[in-house]
Amino acid sequence: MRLDELRNIDFRRIGNLSIGAKAILLTIVFVLMLVGGWWFQWSEQLDQIDREHREEMTLRDTYRDKKRLAINLEAWRKRLVEIQQGFGALLRQLPNRSEMDALLNDINQAGLGRGLQFDLFKPATQETLADFYAELPVTLKINGHFHDIAAFASDLSRLPRIVLLQDMNITVQPRPTEKGAANSKDVNLSMEATARTYRYLDEQELVAQQKASKGAKK
């Protein structure tokens with residue numbers, strides 16, 4: 001086969017080419033067909049196959065997750081009932097607006113009942129609103145013996161309403177005895193703390209809170 005045959009191909013007399021030239025020409029045509037098929041058809045189909053493969057894997061994962069949930073459906077239902085019951089019990093520990101004054105009085109009486117002296121009992125002027133409840137911090141400063149203060153904290157934890165003592169700062173104020181020493185019975189403590197109380201929002205407050213939440217999202 002001569003190179004001139006390929007350079008000067010007369011397609012009207014292609015049958016007269018040598019076998020070698022015909023083989024080369026067929027190879028070129030075959031390669032061009034492969035490239036054209038890849039460019040115009042196969043690449044798009046392969047991309048589609050890849051997309052469908054990824055979608056299949058996603059569907060398989062979704063199926064496994066739903067199957068696992070279906071198998072444990074009864075356990076999840078029981079768990080939901082337990083959560084709802086626990087949530088209801090917590091809600092019952094939240095007073096409404098009209099009961100807040102009584103709760104604050106209970107906190108004060110719990111301290112006085114233990115013989116503690118209140119230097120400060122100051123509810124915040126403004127509540128902090130959440131989704132369905134309001135939080136009211138009360139700043140406390142009390143003086144008394146260690147056991148009385150500990151008993152006061154224990155009394156608060158046993159109230160039928162939720163009261164949390166936080167940010168506690170305790171300092172010792174010893175009283176000297178006749179001999180100039182101090183013993184445990186004569187030691188006074190001063191405690192500064194924040195008692196956080198909670199109440200649930202009434203219907204009007206809930207509506208206002210929902211409107212405010214929707215407005216914030218927009």
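Just a few scattered comments:
- Inclusion of Glu99 among residues that are within 16 Å of Tyr200 (Cα to Cα), assigned to a strand (DSSP E or B) and charged (D, E, K, R) is not warranted.
- Matching residues in the range 119-173 - criterion: being closer than 15 Å to Leu189 by Cβ and among the β-branched types (Val, Ile, Thr): Ile142, Ile149, Ile170, Thr171, Val172
- Within the range 95-115, residues that are over 14 Å from Phe152 (Cα atoms) have Cβ atoms under 7 Å from residues that are of a type outside the set (Ser, Thr, Tyr) and in a helix (DSSP H, G or I) in these pairs: Pro95/Leu103, counting only partners at least 6 apart in sequence or on another chain.
- Whenever a residue of the range 117-140 is on the phi > 0 side of the Ramachandran plot, it has no partner that is among the small types (Gly, Ala, Ser) lying with C-beta atoms less than 6 angstrom away and at least six residues away or across chains.
- Just one of the listed residues (Leu165, Leu140) is under 20 Å from Leu94 (Cβ atoms), at pLDDT 85 or above, of a type outside the set (Gly, Ala, Ser) and not in a loop (DSSP other than H, G, I, E, B), and it is Leu165.
- Just so you know, in the range 113-137 the residues that are among the aliphatic types (A, V, I, L, M) and out of contact with any His (no Cβ under 9 Å at 6 or more places or on another chain) include one that is modelled with the lowest pLDDT, and it is Ala130.
The values are calculated or read from the model by the stated rules, or taken from the named source; none is laboratory data. Please read all numbers here as calculations on a predicted model, not as lab measurements. Counting neighbours? That spans all protein chains shown, and the Cβs are built from the backbone with ideal geometry, glycine included.
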